[in-house]
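The values are calculated or read from the model by the stated rules, or taken from the named source; none is laboratory data. In this text the structure is predicted, and so the values were computed from the model without any measurement. A quick note on method: Cβ atoms are made from the backbone with ideal geometry, for glycine too, and the neighbour counts reach across all protein chains shown. SASA here: full protein model, heavy atoms, side chains in, ligands and nucleic acids out. Shrake-Rupley method; radii C 1.70, N 1.55, O 1.52, S 1.80 Å.
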Number of protein chains: 2
Amino acid sequence: MVTNPVPYTRSLHNPEHSGHHTPGSPHARMAAARTALERIGCDLKKPAKNVVFRQGENADFIYFLQSGAIRLDYQLENGRSLVLDFLWPGRFFGIMEDAVYAWSAITLVDVHLKCLRRSAVQTLARNYPDITDLLLKQKTAALMAAKNHIVLMSHPTATSKLIGFLLAYSKQPEYFNQTTQVLTLIMSRKDIADYLGMTFETASRIFKYLETRNYIKKINHRQIQLNMHMLRKP
Amino acid sequence: MVTNPVPYTRSLHNPEHSGHHTPGSPHARMAAARTALERIGCDLKKPAKNVVFRQGENADFIYFLQSGAIRLDYQLENGRSLVLDFLWPGRFFGIMEDAVYAWSAITLVDVHLKCLRRSAVQTLARNYPDITDLLLKQKTAALMAAKNHIVLMSHPTATSKLIGFLLAYSKQPEYFNQTTQVLTLIMSRKDIADYLGMTFETASRIFKYLETRNYIKKINHRQIQLNMHMLRKP
DNA sequence: CGAATAATTGAAAAAGATCAACGTGAGTGG
DNA sequence: CCACTCACGTTGATCTTTTTCAATTATTCG
């Protein structure tokens, strides 16, 4: 299992993309809303490879990922399944318009979640309009992730899809060591393939091909040193 | 050009997916917000094949599609472009978190838009919290469309992608005649190909293949009779 | 250690892309 | 009205990429 020597965490008060913010800034404005959410949320820890919620279950809770990583799976009627997204700390997930979850959420590593009852959030949102703003921002983040996913899938070759994936994934500070340039893959070849729309054999072969061309260097199956200069070139 | 003998329109008071709704229902609750939006919006008509906004431009306006259809294009740095979505009446679009539009919006046919200044909507949202709810619902609709797009692109063959596209598109009452089973394609083969991640030659060949297998019958390049029974089968 | 899972590799088949040529149909100007 | 043009669509031949099916090697976990 992948260990996190220095866990990279996000709290509701230290959310995604928040930097230094002065009072009166959009981020600061939401502080009260975040505190209110903090109060109704309960902490939840889950080990790696566990189901947080399953597609079709009643969508009674929404979640905030404080540390770790999540994979969102969508199952088709014919049994095939695909990976819709990988989630990193700071992301809300499970925010559904409908009564049931439209996809499943699986932990990739040990995770620390904040668990919020949907009805409680809805009630609270009446007093704190910024909560709705926060959810809107999160939906926007999800939509941008989906757009980037579509762009990746539309790449003409499996090689460029995989390179695009590695470059996007290497933005995660917890899994990419800037000094050694080593990327720790917390998902399987099959997960990557199911995300990019290819078979896992093809994904495996492309890794091989990238190594022969010195784009990457495999330390082991889950640790890969990236030659960023080469990967960013074409 | 494709004519719409009986234009299919949506107003802010007759939005997407709204059916009969009683006072006190979520839809009815938003009536005041919609009226307020109606007041600050101005009507805008555009002919077919016109730019509503271009990727990179200042995102000063958000739009509501009252009638017609829109194509959302994303241009990559390398010059390649892809179709992110097709929009139908009742959809808001151009709601950006950032200062500039992340993609372009092009009319496919003559359209009737409601045009709203972003700053005015933001101001109004302070008095009408339901406006933020409305935008959140619209983001959810956009995210679900993106999810369906990803599912389509992940299909293993070009044939199943195209069948999935035809079945989804045939849900648009303005372009699918339920009695004759004729679908009017308002987008080119290239648009479809750029949406599904294939070349337009492949899209053309699959149309041919579907005709030989009696899945479809071409009336002309833009009018196709669907054999729903066959298309839904596999 | 040993079983189960994940990853790699090979060979053959299928699917799709590419490049090139040819139709078709709507709009234009003589 | 008719030829012309231009964008769009179709089709063919060839080449490349990816999948499929099968076998083998690694790794992980109890």
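When restricted to residues that are buried (at least 19 other Cβ atoms within 10 Å of the Cβ) and in contact with a Phe, Trp or Tyr (Cβ under 8 Å, 6 or more places away or on another chain), the range B:106-133 contains 4. If you check residue B:144 against the conditions, is it free of Cβ contacts under 8 Å to residues at least 60 places away in the same chain, within 9 Å of chain A (Cβ to nearest Cβ) and out of contact with any helix residue (DSSP H, G or I) (no Cβ under 7 Å at 6 or more places or on another chain)? Yes. Please enumerate the residues belonging to the range B:27-74 that are outside any helix (DSSP H, G or I) and among the basic types (Lys, Arg). Within the range B:27-74, B:45, B:46, B:49, B:54, B:71 qualify. Looking across the range B:58-82 at every residue that is more than 13 Å from every other protein chain (Cβ to nearest Cβ) and among the small types (Gly, Ala, Ser), the one that is nearest to the chain's Cα centre (by Cα) is identified as B:69. Taken over the range B:195-229, the criterion of being more than 7 Å from DNA strand D (Cβ to nearest atom), outside any helix (DSSP H, G or I) and more than 14 Å from chain A (Cβ to nearest Cβ) is satisfied by B:213, B:214, B:215, B:216, B:217, B:219, B:220, B:223, B:224, B:225, B:226, B:227. For the range B:149-163, check the following and say yes or no: at least one residue is away from every other protein chain (no Cβ under 12 Å) and buried (at least 20 other Cβ atoms within 10 Å of the Cβ). Yes, the range B:149-163 contains at least one residue that is away from every other protein chain (no Cβ under 12 Å) and buried (at least 20 other Cβ atoms within 10 Å of the Cβ). Inside the range A:178-194, residues that are part of a loop (DSSP other than H, G, I, E, B), within 11 Å of DNA strand C (Cβ to nearest atom) and open to solvent by 20 Å² or more (accessible area, probe 1.4 Å) make up a count of 1. Filtered by the rule that a residue be in contact (Cβ under 8 Å) with a residue 60 or more places away in the chain and among the charged types (D, E, K, R), the range A:174-194 gives A:174, A:191, A:194. Filtering the range A:35-67 to residues that are within 16 Å of DNA strand C (Cβ to nearest atom) and either loosely packed, with under 12 Cβ neighbours inside 10 Å or at negative phi (or both) leaves A:47, A:48, A:50, A:51.
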